[in-house]
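*Asks:* Okay, handing you the structure first.
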Amino acid sequence: MTTKVNFTKMHGCGNNYIYVYLPDNPIPDLQKASIEWSKQHFGIGSDGLITIDKSDKADFQMRIFNNDGSEAMMCGNGVRCCAKFVRDHNLTDKKVVTFDTLSGVKVIELFEDENGVVDSARVDMGELRLKNKEQLATEDGGMIDGEVGGWRGTYVCMGNPHFVIFVDDISKIDLPVDGKAMEFNAMFPERCNIEFAQLLPDGRIRMRVWERGSGITMACGTGACATSVAATLTQNTGRTNTILMDGGPLTIEWGEDNHIYMTGPATTVFEGKIDLPK
């Protein structure tokens, strides 16, 4: 008999994942499930699989698997949706919840609409790092306004690696070509998330992302955080920025405590049951 798994399809600014609560729905091979279920025409279709589990370090644990099966360290859009998931499924009644991730414990404050339904959240994404020799093969592990693969950019670590490139016209970027080439550049030992960004006349920052392990996505929370930091460092913006992605805007604040705070929507698309992959 085939085992059915309960799932919820959710997105934050179009960054869409399949969410499963593991205590009620064990999955023997998470990488395989992510690959099979994420297929656009043969599965549910998504940027990957996010699992929610019990934790002895926080209220819950979150794990993220890209649609190529690789495990990601953190997803800002994903953790907002996780917080909505546990409230919607009556797993907690808290308005501030914590999740243990590969990038540490994240604190999420939930906001409700007029009907008491969670529709957005503010995440403490933790402290940023501008140097990490494991992720960037420069002498000191850092780079602000330096060149990699013919592009000038800024390296920012949000737990996972990002390289932010500011351009004059983002519409001219060939993201499948330029993003993929940069992800696998030898300067990034663990591969890298690549953001192309453009300052807009109204003060917002337009950003498109090539995510490590997923390719083009509608949004990337950690990428939005990295882009805002790079804008503050190299483009003379303030410490609070609106990052406009293909899936919509996120508000990013760089606090005096060196923590990055991200505010944005969390949306449920649909729920269902699916067979475990064979």
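*Asks:* Got at least one residue in region 104-120 being of a type in the set (Gly, Ala, Ser), under 29 Å from Pro23 (Cα atoms), touching a Phe, Trp or Tyr at 6+ places or on another chain (Cβ under 6 Å) and not assigned by TED's automatic domain parsing to the domain that holds Met182?
*Replies:* Of the residues in region 104-120, the ones of a type in the set (Gly, Ala, Ser) are 104, 116, 120.
Filter once more, so that each one left must be under 29 Å from Pro23 (Cα atoms): 104, 116, 120.
Filter once more, so that each one left must be touching a Phe, Trp or Tyr at 6+ places or on another chain (Cβ under 6 Å): 120.
Within this subset, residues satisfying the condition of being not assigned by TED's automatic domain parsing to the domain that holds Met182 are 120.
The answer is yes; a qualifying residue exists.
*Asks:* Of everything in region 176-217 that's of a type in the set (Lys, Arg) and over 17 Å from Leu136 (Cβ atoms), which residue is surrounded by the most Cβ atoms within 10 Å (Cβ to Cβ)? Before the answer, list the steps.
*Replies:* Going residue by residue through region 176-217, those that are of a type in the set (Lys, Arg) are 180, 191, 204, 206, 208, 212.
Retained after the next criterion (residues that are over 17 Å from Leu136 (Cβ atoms)): 180, 204, 206, 208.
Details: Lys180: 14, Arg204: 15, Arg206: 20, Arg208: 24.
The qualifying residue surrounded by the most Cβ atoms within 10 Å (Cβ to Cβ) is Arg208.
*Asks:* So which residues in region 8-26 are under 14 Å from Met62 (Cβ atoms) and in a loop (DSSP other than H, G, I, E, B)?
*Replies:* Residues satisfying the conditions are Leu22, Pro23.
*Asks:* OK, next. Given (1) in contact with a Lys or Arg (Cβ under 7 Å, 6 or more places away or on another chain); (2) within 25 Å of Thr242 (Cα to Cα), where does Gly141 come up short, assuming only one miss?
*Replies:* The number of the failed condition is (2).
*Asks:* How many of the residues in region 88-112 are at negative phi, surrounded by fewer than 22 Cβ atoms within 10 Å (Cβ to Cβ) and either at pLDDT 95 or above or in contact with a Ser or Thr (Cβ under 7 Å, 6 or more places away or on another chain) (or both)?
*Replies:* Count: 16.
*Asks:* For region 187-240, how many residues meet the condition of being hydrophobic (A, V, I, L, M, F, W, C), more than 20 Å from the chain's Cα centre (by Cα) and not in a strand (DSSP E or B)? Please lay out each step first, then the result.
*Replies:* At the first step, the residues of region 187-240 found to be hydrophobic (A, V, I, L, M, F, W, C) are 187-188, 192, 194, 196-197, 199-200, 205, 207, 209-210, 216, 218-220, 224-226, 229-231, 233.
Subset that is more than 20 Å from the chain's Cα centre (by Cα): 187, 199-200, 233.
If we keep only those that are not in a strand (DSSP E or B) too, we end up with 187, 200, 233.
Residues that pass the stated criteria total 3.
*Asks:* May I ask you to verify whether Phe42 is assigned by TED's automatic domain parsing to the domain that holds Met10 and farther than 23 Å from Asn6 by Cβ?
*Replies:* Values: assigned by TED's automatic domain parsing to the domain that holds Met10: yes; farther than 23 Å from Asn6 by Cβ: no.
Answer is no for this residue.
*Asks:* Of all residues in region 131-148 being touching a Ser or Thr at 6+ places or on another chain (Cβ under 8 Å) and touching a residue at least 12 places away in the same chain (Cβ under 8 Å), which is surrounded by the most Cβ atoms within 10 Å (Cβ to Cβ)?
*Replies:* Start the filter on region 131-148 by keeping residues that are touching a Ser or Thr at 6+ places or on another chain (Cβ under 8 Å), which leaves 143-146.
Keeping just the survivors that are touching a residue at least 12 places away in the same chain (Cβ under 8 Å) gives 143-145.
Values: Met143: 20, Ile144: 13, Asp145: 12.
So, considering only residues that are touching a Ser or Thr at 6+ places or on another chain (Cβ under 8 Å) and touching a residue at least 12 places away in the same chain (Cβ under 8 Å), the one surrounded by the most Cβ atoms within 10 Å (Cβ to Cβ) is Met143.
*Asks:* Could you grab me the full set of residues in region 149-186 that are free of Cβ contacts under 8 Å to residues at least 40 places away in the same chain, closer than 21 Å to Asn66 by Cβ and part of a loop (DSSP other than H, G, I, E, B)?
*Replies:* Passing the criteria: Phe184, Asn185.
*Asks:* A further question follows. Which one is farthest from Pro249 (Cα to Cα), of the residues in region 184-210 that are of a type in the set (D, E, K, R) and touching a helix residue (DSSP H, G or I) at 6+ places or on another chain (Cβ under 7 Å)?
*Replies:* Of all residues in region 184-210, those of a type in the set (D, E, K, R) come to 190-191, 195, 202, 204, 206, 208.
Narrowing the set further to residues that are touching a helix residue (DSSP H, G or I) at 6+ places or on another chain (Cβ under 7 Å) leaves 191, 195, 206, 208.
Numbers: Arg191: 26, Glu195: 15, Arg206: 9, Arg208: 12 Å.
It comes out as Arg191.
*Asks:* Of the residues in region 27-65, how many are of a type in the set (Asp, Glu) and part of a strand (DSSP E or B)?
*Replies:* Count: 1.
*Asks:* Taking Gly264 as the residue in question, decide whether it is in contact with a Leu (Cβ under 7 Å, 6 or more places away or on another chain) and at pLDDT below 95.
*Replies:* Taking the combined requirement at face value, the residue does not satisfy it.
The values are calculated or read from the model by the stated rules, or taken from the named source; none is laboratory data. Computed from a predicted model, the values in this text were never measured in an experiment. When we count neighbours, we look across all protein chains shown, and the Cβ atoms used for this are built from the backbone with ideal geometry, even at glycine.
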